[in-house]
Amino acid sequence: MDTQNAYRIGTGAGFSSDRLEPALDLIRHGRLDAIVFECVGERTLAFGHRDRRTNPARGYNPLLERRMRAVLPLCQAAGTRIITNMGVANPRAAAQRTAEIATELGLTGLKVAAVTGDEVSHLIGPDTPLLEPGCRLSETGREMLAANAYLGIDAILPAIEAGADVIITGRVADPSLFLAPMAHHFAWQPDDWGTLGAGTAIGHLLECAAQVTGGYFADPGHKDVPGLANVGFPLAEVTADGGAVITKLESSGGLVSQRTVKEQLLYEVHDPSAYLTPDVSADFSRVQLADAGRDRVRIEQAGGAQRPEQLKVTVAFDGGFLAEAEISYAGPGAAGRARMAGDIVAERMDRLHGSNGPIRIDLIGVSALHASAVDYPDDAQDVRLRCAMRASSEDEAELLLWEVEALLCCGPAAGGGYRGHITPSVMTYSAFVERGDVKPRLEILPA
């Protein structure tokens, strides 16, 4: 174990459908010890369970096979460990398919690990309190698909200790995917809260990939980012004390600056002094940032306190069907005509079809994204009406599409460009379970 030199860890994906080529560039040129593909959100997890119900051999990230075919040879040649939650709702099937791909590519000696135990539906019952709606599960009136606890580094470390080259998990807290290999490399103790908090800050900065290298930061004329079409993914040079330099490949586009790091550090953080993860209550409030060269920012002084006694759980529900239909209006009075069209659809869905759920009416180009929060001037001359609803059946969803398409002839004037589609829908809420009730498991599949 070399604890004197920096541990180099990079990001291969920051969400389920992220780009591939920046990850390949990092593996080829980043001299990485490990690369993390973070690909699970609440909705992607729910859709994974829906897919597994349809086909028990599926339920993992749809891009897993494409990614693994590209990265396995490169990572084996470079000695770079792969850690990913692309297993989504079926980590074992994802690991099995990865082992098969390695064999198909002629790769030998790879150890592929499946980390399971995050699926905790057996711990969730009708009386389980759900956070967001403030009710018990039985009061939602919806079918539960599954429930998954956020695992931490204690679920991943056994796979690293077993020498796994590829570690595939389901629901693991995002920064834990990065923290586990750092903690193993530097032999950080499970109750070294300060260092674990510092490592969690690094993982949090890396977990969303190009967000910290300028992607979600860019705003032309205000926050300019060069070469965004070729934006690179980040890597961290981590030291034994939990400090790190956040950077990117010199050849890639994008930007790493104190401002990009600050924005990502506060992303989805409600309390910077107590960012709760399965591993630690991380404290970002004392973080110190310093420039360390071009596209290089040093982070130090993050800390932490004892980890929570409970684990957060994502509870996924069948949300029925989502119906969406759109039609455009242009020219003088476009906003007024679009608003009239939306009122017509809402009235007919209520009066003639007895729609069960609320219908969302958006005038794209007139306060659509902000809804009622902001009212923009009503003089737009290029407006697209969007009507959407969550339906309990496909037949009910079809009614909305029918009513919007009928506007083409039934008025108001000059509607055109109709499009409509129906997609299966999911919903997620959160709950808590006792840590001791969750039992992570490990399986090694030789390739």
*Could you pull out every residue, at least 5 positions away or on a different chain, whose amide H is within less than 5 Å of the one on Thr11? Hs are placed 1.01 Å off N in the peptide plane, and Pro or chain starts have none.*
Val36
*Once you have the alpha carbon radius of gyration of the range 1-105, what is it after dividing by 2.2 N^0.38 Å, with N set to its residue count?*
1.12
*Taking N as the number of residues in the range 185-290, what is its alpha-carbon radius of gyration divided by 2.2 N^0.38 Å?*
1.11
*Count of lysine pairs in the chain with Cα atoms under 26 Å apart, counting only pairs 8 or more residues apart in sequence or on different chains?*
6
*Rounded to two decimals, what ratio of Rg to Rh does the range 121-211 give with C-alpha atoms and a Kirkwood Rh?*
1.09
_Quick check on the exposure proxy: order Trp402, Trp188 from fewest to most C-beta atoms within 10 angstrom._
Trp402, Trp188
_Which of Ala162, Ala413, Ala388 ends up with the largest GNM mean-square fluctuation for the chain, with Cα atoms connected below 10 Å?_
Ala413
_If you fit an axis through the alpha-carbon atoms of helix 64-78 and take the longest principal axis of the Cα set of the chain, what angle between them do you get, 0 to 90°, nearest 10?_
20 degrees
*Rounded to whole Hz and in sequence order, give me ³J(HN,Hα) for the range 123-137 from the Karplus expression 6.51 cos²θ - 1.76 cosθ + 1.60, θ = phi - 60°, writing x for Gly and Pro.*
8, 10, x, x, 8, 5, x, 10, 5, 5, x, x, 9, 8, 4
*What ranking, highest mean first, results for peptides 335-343, 112-120, 436-444 when packing means the other Cβ atoms within 10 Å averaged over each residue?*
112-120, 335-343, 436-444
*Please give the net charge around Ala70, taking every other residue with its beta carbon less than 12 angstrom from that of Ala70, where Lys and Arg add +1 and Asp and Glu add -1.*
+2
*At q = 0.21 Å⁻¹, what is the log10 ratio I(q)/I(0) for the range 63-154, with the Debye formula run over Cα points and no solvent?*
-1.01
*Per the helix-only calculation at 222 nm, which mean residue ellipticity applies to the chain, given -39500 (n - 2.57) for every DSSP H run of n ≥ 4 and division by its residues, nearest 500 deg cm²/dmol?*
-9000 deg cm²/dmol
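Contact order normalised by length for the chain, with contacts defined as Cα pairs under 8 Å and 6 or more residues apart; what percent is it?
Rounded, it is 18 percent for the chain.
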*What order do you get for Arg307, Arg286 when you list them from fewest to most C-beta neighbours inside 10 Å?*
Arg286, Arg307
*Just add up the charged neighbours of Thr314: K/R +1, D/E -1, any other residue whose Cβ is under 14 Å from the Cβ of Thr314.*
-1
*Fewest to most neighbouring Cβ within 10 Å: what's the order for Thr277, Thr428?*
Thr428, Thr277
*When the Karplus curve 6.51 cos²θ - 1.76 cosθ + 1.60 is applied with θ = phi - 60°, which whole-Hz ³J(HN,Hα) does each residue of the range 151-166 get, with x for Gly and Pro?*
7, x, 5, 5, 7, 8, 4, x, 5, 5, 5, 7, x, 5, 8, 10
*Taking the Cα atoms only, what angle lies between the long axis of helix 42-54 and the longest principal axis of the chain, rounded to 10 degrees?*
80 degrees
*Cut-off 14 Å between beta-carbons: net charge of the residues surrounding Phe217, Lys and Arg +1, Asp and Glu -1*: 0
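Against the empirical 2.2 N^0.38 Å scaling, what ratio does the C-alpha Rg of the chain come to?
1.08
Just so you know, all these numbers are worked out from the coordinates, no wet-lab data involved. What you see is a predicted model, and the numbers here were worked out from it, not measured in a lab. With ideal geometry, Cβ positions are generated from the backbone for all residues, glycine too; neighbour counts draw on all protein chains shown.
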